[in-house]
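To keep things clear, I will list the structure first and then write my remarks on it.
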Amino acid sequence: MLLTVEEHREKHPEIRADYTIDQHWHRYSAAEHATWRTLTRRMEKILPGRACDEFLQGLKQLKIGDEQIPDMERLSDELYKLTRWRVVAVPSLVPDAIFFEHLANRRFPAGHFIRKPDQLDYIEEPDVFHDVFGHVPMLALPVFADYMEAYGKGGMRAEGLGTLANLARLYWYTVEFGLIEKPEGLRIYGSGIASSSAESVYAVEDASPNRIHFDLERVMRTKYRIDDFQESYFVIGSFEELFKETYKDFAPLYQTLKAGPTFEPGTILPAERLHHRGTHRYKAGSHRATA
Ligand code: HBI
Ligand code: FE
């Protein structure tokens, strides 16, 4: 859950007002590096053929390996050369306003801790595996790096307009659980999927969930599940489409969003473009998705 800077100070005396801390890479134990190895090696078997090339390419370009937890300073130096983003260590969840401010300045806040061996399949808060392995590879792609900065700036604006819920849904159904249409089929780019061995298979192959073509207003009206597989995944045609769709002033959209319906996660609307109509055979609650 969300702690204040002061509450974090006991464990992280050097914590700053923007919630950043020093990673102290040398303090990670052999057991923590071993957990990183277990998690990354599992995904390295599952993601080829399921994650999009841009994600796999980002892992390679940034040399995010399966030996040890990455040193965020060195990782940032590589990433900065590509898209002027850096990765900064934070204790875990930070307040929305702080989160948006980092994204708006091309800083990705990554949890510095790593989950315990008995939490391999489910964890409440974003740890270094979810954030660095799941999120950072896509930041090596210029159009996606620009999308994330625009999202941060949009978030700072939304803060004032009190429409964070709509924006959080956009983040959830793209950055965390987005799929992209490729000639060879649907592929993962969302970090919540790419950092979950079970959901990486489910999201692309299982007949149960809906797979619906991305529409900005529709996504902003759709609620999501936070601790289980998604009942619907949204599919973009390209990263350029996602960026174009969202790189506009949201104010008019927020007005329309204030009225009109909010949809349950499994809803299918009559006129929308379906990639797959789910069977919903998977019973929500029978699995806990990872962060
Ligand atoms: N903090 N460290 C961290 N990581 C996140 O992904 C994160 C966060 N705070 C808020 C948040 N995500 C979501 O509410 C966003 O939609 C804003
Ligand atoms: Fe995340």
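The values are calculated or read from the model by the stated rules, or taken from the named source; none is laboratory data. For clarity, every value in this text was computed on a predicted model and none was experimentally measured. Ideal geometry is used to build each Cβ from the backbone, glycine not excepted, and the neighbour counts take in all protein chains shown. Ligands, DNA and RNA are excluded from the accessible area calculation, which covers all protein heavy atoms including side chains. Shrake-Rupley method; radii C 1.70, N 1.55, O 1.52, S 1.80 Å.
When TYR224 is tested against (1) open to solvent by 20 Å² or more (accessible area, probe 1.4 Å); (2) under 16 Å from TYR147 (Cβ atoms); (3) of a type outside the set (Gly, Ala, Ser), only condition (2) is not met. For the stretch 73-88, how many residues meet the condition of being open to solvent by 40 Å² or more (accessible area, probe 1.4 Å) and at negative phi? So the answer is 8. Just one of the listed residues (VAL219, VAL201, VAL175) is closer than 17 Å to THR279 by Cβ and either more than 16 Å from ligand 2 (Cβ to nearest atom) or outside any strand (DSSP E or B) (or both), namely VAL201. Just wondering, is there one or more residues in the stretch 226-248 that are of a type outside the set (S, T, N, Q), part of a loop (DSSP other than H, G, I, E, B) and within 16 Å of ligand 1 (Cβ to nearest atom)? Scanning the stretch 226-248 turns up at least one residue that is of a type outside the set (S, T, N, Q), part of a loop (DSSP other than H, G, I, E, B) and within 16 Å of ligand 1 (Cβ to nearest atom). Could you please let me know if SER196 is surrounded by 22 or more Cβ atoms within 10 Å (Cβ to Cβ) and polar (S, T, N, Q)? Here the answer is yes, as SER196 does meet what is asked.
Yes/no per residue for (1) open to solvent by less than 20 Å² (accessible area, probe 1.4 Å); (2) over 30 Å from GLU205 (Cβ atoms):
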| site | (1), (2) |
| --- | --- |
| PRO13 | no, yes |
| ALA31 | no, yes |
| TRP36 | yes, no |
| ILE46 | no, no |
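Of all residue pairs spaced 6 or more apart or on separate chains, none has beta-carbon atoms under 6 Å together with a first member in the stretch 260-285 that is without any contact (Cβ under 8 Å) to a residue 40 or more places away in the chain and over 14 Å from ASP215 (Cα atoms) and a second member that is of a type outside the set (D, E, K, R) and surrounded by 13 or more Cβ atoms within 10 Å (Cβ to Cβ). Of all positions in the stretch 251-273, none carries a residue that is open to solvent by 40 Å² or more (accessible area, probe 1.4 Å), in contact with a Phe, Trp or Tyr (Cβ under 8 Å, 6 or more places away or on another chain) and among the charged types (D, E, K, R).
The requirement of being open to solvent by 20 Å² or more (accessible area, probe 1.4 Å) and over 29 Å from GLY152 (Cβ atoms) is satisfied by GLU184.
Please work out if TYR147 is out of contact with any Lys or Arg (no Cβ under 9 Å at 6 or more places or on another chain), free of Cβ contacts under 8 Å to residues at least 24 places away in the same chain, within 16 Å of ligand 2 (Cβ to nearest atom) and closer than 18 Å to LYS248 by Cβ. Show your work before the answer.
Working: out of contact with any Lys or Arg (no Cβ under 9 Å at 6 or more places or on another chain): yes; free of Cβ contacts under 8 Å to residues at least 24 places away in the same chain: no; within 16 Å of ligand 2 (Cβ to nearest atom): yes; closer than 18 Å to LYS248 by Cβ: yes.
Against the criterion (out of contact with any Lys or Arg (no Cβ under 9 Å at 6 or more places or on another chain), free of Cβ contacts under 8 Å to residues at least 24 places away in the same chain, within 16 Å of ligand 2 (Cβ to nearest atom) and closer than 18 Å to LYS248 by Cβ), TYR147 does not qualify.
Only one entry of ARG106, ARG41 meets the criterion of being more than 22 Å from ALA150 (Cβ to Cβ), modelled with pLDDT of 95 or more and not aromatic (Phe, Trp, Tyr), and that entry is ARG41. Against the numbered list (1) polar (S, T, N, Q); (2) in a helix (DSSP H, G or I); (3) modelled with pLDDT of 95 or more, ASN166 comes up short only at (3). When the stretch 114-128 is filtered for residues that are farther than 15 Å from SER191 by Cβ and surrounded by fewer than 18 Cβ atoms within 10 Å (Cβ to Cβ), the ones remaining, listed by number, are LYS116, PRO117, ASP118, GLN119, LEU120, ASP121, TYR122, GLU124. Being within 13 Å of ligand 2 (Cβ to nearest atom), touching a residue at least 40 places away in the same chain (Cβ under 8 Å), under 23 Å from THR4 (Cβ atoms) and not small (Gly, Ala, Ser) holds for only one residue in PHE129, PHE133, PHE99, and it is PHE99.
Only one of these is open to solvent by 50 Å² or more (accessible area, probe 1.4 Å) and over 18 Å from GLY192 (Cα atoms): PRO70, PRO142, PRO95, PRO91. Name it. Can you show your working first?
Numbers: PRO70 fails: open to solvent by 50 Å² or more (accessible area, probe 1.4 Å); PRO95 fails: open to solvent by 50 Å² or more (accessible area, probe 1.4 Å); PRO91 fails: open to solvent by 50 Å² or more (accessible area, probe 1.4 Å).
Selected residue: PRO142, the only one of PRO70, PRO142, PRO95, PRO91 that is open to solvent by 50 Å² or more (accessible area, probe 1.4 Å) and over 18 Å from GLY192 (Cα atoms).
Take the residues in the stretch 113-128 that are in contact with a Ser or Thr (Cβ under 8 Å, 6 or more places away or on another chain) and within 13 Å of ligand 1 (Cβ to nearest atom); name whichever of them is nearest to ALA30 (Cα to Cα). The extreme case among them is PHE113. Of all residues in the stretch 228-246, one or more are modelled with pLDDT under 90 and either exposed (fewer than 12 other Cβ atoms within 10 Å of the Cβ) or β-branched (Val, Ile, Thr) (or both).
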